[in-house]
Amino acid sequence: MELGRDADKLLSWPLYQAAARARYGCPACLVVYAPDKGVAAWAAEPIDTGQPGSPFRAVVRGPRAIAKVKDPTEAAAHPHRAVLSALANADEPDALEVAKAAVLGLSGQSKDERIVWETAILEALNEAARAALEEWMNLEKFPIERTWVYKKGKTEGKSEGIAEGKADAVLRVLSRRGLAVSEEIRSRIAGCTDTDMLDRWLDRALIARRAEELFEEPESA
């Protein structure tokens, strides 16, 4: 997932493709998901690698290009694809149906992972769809456990508790992805009270190669 323009990616993307091809001994391509149309257009531009006559071009997909996963069986077989489908189509008329399939698909995952992704799905939905999903989850006996709580479109509870929950989500994602987190980084995340900043860190935690990348601001156009 690419959330902003980052010149360093123009150097690393061709490397990712070449490394995958060399490691697995088969054709490989790099797929980039960009929720923002402007970022998607930037990512789709050919990359000059210096090799004459051989520009590199990533395969870019925006929100509308992500297939909707509505079949619970398919969601269970590919839970992370179902989550991406729910996030990419959160503003669509059938967002609730897609979100339900993703929640069903996550039921076989570990508790920590399920909480992280259910939180992301609930946050992405609008107020009406979120309330409907919560009601359905309660009726279906899916325990709703998430790192921060919504009530009528607004977070409830003390701001310190909300920030603490979001910081915990960031650390959980980094841990699940196997990224090394130093005590200095852990303390910085746990001690942050800026909920907007924690939201940005959570987005970056999904795609970062190193934990330090959470704190690197993307270059603007």
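The values are calculated or read from the model by the stated rules, or taken from the named source; none is laboratory data. Source: prediction; values computed, not measured. So basically every Cβ, Gly included, is an ideal-geometry build from the backbone, and we count neighbours across all protein chains shown.
Observations, loosely collected:
- Test: GLU113 is in a helix (DSSP H, G or I) and either over 21 Å from ASP203 (Cα atoms) or among the polar types (S, T, N, Q) (or both): no
- Just one of the listed residues (VAL39, VAL59) is closer than 22 Å to ASP203 by Cβ, without any contact (Cβ under 8 Å) to a residue 40 or more places away in the chain, of a type outside the set (Gly, Ala, Ser) and surrounded by fewer than 18 Cβ atoms within 10 Å (Cβ to Cβ), and it is VAL59.
- Hey, PRO46 surrounded by fewer than 14 Cβ atoms within 10 Å (Cβ to Cβ), more than 27 Å from ARG200 (Cβ to Cβ) and either among the aromatic types (Phe, Trp, Tyr) or outside the structural domain of ASP199 (by TED's automatic domain parsing) (or both) or not: yes
- VAL181 fulfils the conditions (1) assigned to a helix (DSSP H, G or I); (2) at pLDDT 85 or above; (3) surrounded by 14 or more Cβ atoms within 10 Å (Cβ to Cβ) except for a single criterion, (1).
- Of the residues screened, ALA22 is not one that is under 28 Å from TRP201 (Cβ atoms) and at pLDDT 85 or above.
- Qualifying residue in region 47-67 (condition: at pLDDT 85 or above, of a type in the set (Val, Ile, Thr) and under 22 Å from VAL170 (Cβ atoms)): no
- Among all positions in region 116-132, there is no residue which is more than 22 Å from ASP36 (Cβ to Cβ), at pLDDT below 85 and of a type in the set (Ser, Thr, Tyr).
- Whichever residue in region 63-107 is of a type in the set (Asp, Glu) and more than 17 Å from GLU135 (Cα to Cα) and, among such residues, is nearest to the chain's Cα centre (by Cα): ASP91
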